[in-house]
Amino acid sequence: MARLNSKRRALKVLILGMASAGCLALGTAARADPATFLPPGVDVQFKYNNLETIVSNVGDVLTGIFSISSIGNTSGSLLYWGAGISDGTILTGFFTGLTVAQITPTGSGFNIYFTGGTLTMYNVPVGSYNPTSPANPIAGQICPGGVCPAAWLTASFAAGAAVNDPTTVFDESTATLVSTVSSLTAPLTGTGDGELELTGGTAASKFVDGPGPDFSIQSNLQSCPTTNPAFIPNCSVAGAWPLASFDPVVGRTVPEPATLALAGLALAGLGYTSRRKRTR
């Protein structure tokens, strides 16, 4: 009987342990963090909208605010996370420090070359961020009293967005963003291309951080107010932002540890086979 009671107690402990583990797993899954929805070892596409300032002279600094509407695969056929749908949160933030280094006339408009620049992304509840001023894009909402929560991702714009033209004074290969625009007066249309180097954030370990740039960025821009009602943040709501842009940022999530371990075992096996051949 004592042995039976002992076995019952052990079984009870095991069941309680499994239940606790289940609760912890559910708590982790329900945690409001888009990173938990992203599969490992895949290329992911952040679809974003942003509002930004106009720059027209060398030395001007481009700043803006943005919102991520979804994260999916690069073909757009799979949605991993949707803003406000998957977990009741949004990914939003601001970029700043992109300094105009050169403006080159083209046949139909201008190429604008930028240097520098940083980007900060926050994971916040839906409805908690509605910036109203280009002069202070995170005032009182993401950073009440000037104290910001931990960033979800931070990145710097990486040099290499253009090939250098040796006939110009400016070394274009140091550019971190290149924008091709129709004119320097509204209404504007154009495109932008650049790359980002991952620098930190609570979700940084979810993404591949290689020796070179970790994300590519593309944009199509137009004058505000945009006529697209689904565009968030919206020009009419967010205030005096003269430009809107949109399109994807592409990066890659890190593989599962098991995949890395299998790759390591395969390499170790090749090394062992090679040593056996040398010893014969």
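All of the numbers you see were taken from the coordinates with simple rules; none came from a lab. Note that the coordinates shown come from a computational prediction; the quantities given were computed from them, not determined experimentally. As a convention, Cβ positions derive from the backbone with ideal geometry for all residues, glycine included, and neighbour counts pool all protein chains shown.
For Val208, the shell of other residues with beta-carbons less than 15 Å away shows a net charge of -4, using +1 for Lys and Arg and -1 for Asp and Glu. The HN-Hα couplings worked out from phi for the range 65-79 by the Karplus form 6.51 cos²θ - 1.76 cosθ + 1.60 (θ = phi - 60°) are 10, 8, 9, 8, 8, 6, 10, x, 7, 6, 7, x, 8, 10, 10 Hz, whole numbers, x standing for Gly and Pro. Residue-wise HN-Hα couplings along the range 187-203, as the Karplus relation 6.51 cos²θ - 1.76 cosθ + 1.60 with θ = phi - 60° gives them from phi, are x, 9, 9, x, 9, x, 9, x, 9, 10, 9, 5, 10, x, x, 5, 9 Hz; Gly and Pro carry x. Treating r as the C-beta distance of Thr202 and Thr167 and R0 as 41 Å, the FRET efficiency rounds to 0.35.
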